[in-house]
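Read the structure below first, then the notes.
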Amino acid sequence: MPTVTLVQAINMALDEELRRDERVLILGEDVGRRGGVFLATEGLQQKYGPDRVMDTPLSEAAILGAAVGLAAHGMRPVAEIQFADYVFPGIDQLFSQAAKLRYRSGGQFTAPMVVRMPSGGGVKGGHHHSQSPEAHFAHTPGLKVVVVSTPYDAKGLLKSAIRDDDPVVFMEPKRLYRAVKEEVPTDEYLLPIGKAAVRREGRDITLVSYGGPMVETLKAAEEMAAAGVEAEVIDLRTVLPWDKEAVLASVVKTGRLLVVSEAPRTASIASEVAATVSEELFDQLLAPPLRVTGFDTPYPLAQDKLYMPTVTRILNAAKRLLDY
């Protein structure tokens, strides 16, 4: 198996699905000749032609609106938004049309489309290129929302998203595009949407995260292990639907929960996970669930690294839980 980066794994998935199914096509700003701003679609227009890998005008509303129409008529479009921050001009097409098409048509129409977007900070992009808006999408019934953290997951989950009969928002932490590598099979494989992964087994505390902060979460778990504390680390992978069973089973075992996310704190995925655990397992908790998140401010430029969860912040929160 080749060892590839996360962005290369995404390219592999797109290549395989374009080859497998003629209904699959890609559309977005600069996805064709250039191969996307992060080169996730590099070489695909040359291979499959401009009718299947299409450069579009600079209009997110047009990109998402066209994707909805294509999906409703039997195609399987993969729309790329250059940065997650750019999705908002097209949000009505995604929230009011794509997410509700199956429901409002009584199942006569579906919107089998994927909206790919680089998300999160860590690349000194400032407040217009570093947001983590997954909670906006997770608050919208009718969407599925995936946030990947490894090349293996990126390929398997993207292929599943393309084959799904409902719209999937597929978020890719841009700071991990070339920062993580692992072996990825060239053979066919799919990963189920809605299933978490246990990245590390433990008995003392449960750490739940997804996307970019998985790197810091795993590093914190390693430091805890050196101090004799065994942390169980769960990667949600999908935040809508999220794997409640996996999280609850882990917290039953450990009695302590720490959720890590780089999105703003209020009304976040971290809030939802913590609230659900509190509701379901209140009598079994050894300490109140805690969150380590981004802040309720616009994403900063100069304090880029201070905004995101750090290993130190995670360790400090874990100590509070263990000392409770």
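The values are calculated or read from the model by the stated rules, or taken from the named source; none is laboratory data. The structure presented is a predicted model; accordingly, all values stated were derived computationally and were not measured. Glycine also receives a Cβ, built like all others from the backbone with ideal geometry; neighbour counts cover every protein chain displayed. Ligands, DNA and RNA are excluded from the accessible area calculation, which covers all protein heavy atoms including side chains. Shrake-Rupley method; radii C 1.70, N 1.55, O 1.52, S 1.80 Å.
Calculated from the structure at hand, mean projected area of the Cα convex hull in nm² is found among [x] 17.4; [y] 16.1; [z] 21.3 as [y].
Extending 7 Å from Cα along the Cβ direction at ALA179 and again at ARG203 yields two label points whose distance is 3.3 nm.
For the peptides 83-92, 2-11, residues were scored by their other Cβ atoms within 10 Å and the scores averaged per peptide; the highest-first order is 2-11, 83-92. Along the chain, the longest continuous region that contains none of the GluC sites (Glu not before Pro) in a DSSP loop with at most 12 other C-beta atoms within 10 Å is 23-187. Rounded to 0.05, the FRET efficiency of the LYS253 and MET1 pair, given R0 = 35 Å and the Cβ-Cβ distance, is 0.60. Rounded to the nearest 20 debye, the dipole size of the chain about its Cα centre is 220 debye, using +1 on the Cβ of Lys and Arg and -1 on the Cβ of Asp and Glu. For the peptides 206-212, 312-318, the ranking by packing is 206-212, 312-318, with the highest mean count of neighbouring Cβ atoms within 10 Å listed first. Relative to the current alpha-carbon distance between THR310 and ALA275, full extension at 0.36 nm per residue lengthens the span by 10.3 nm. Nonpolar atom fraction for the chain, defined as the carbon and sulfur part of the 1.4 Å probe accessible area, stands at 54 percent.
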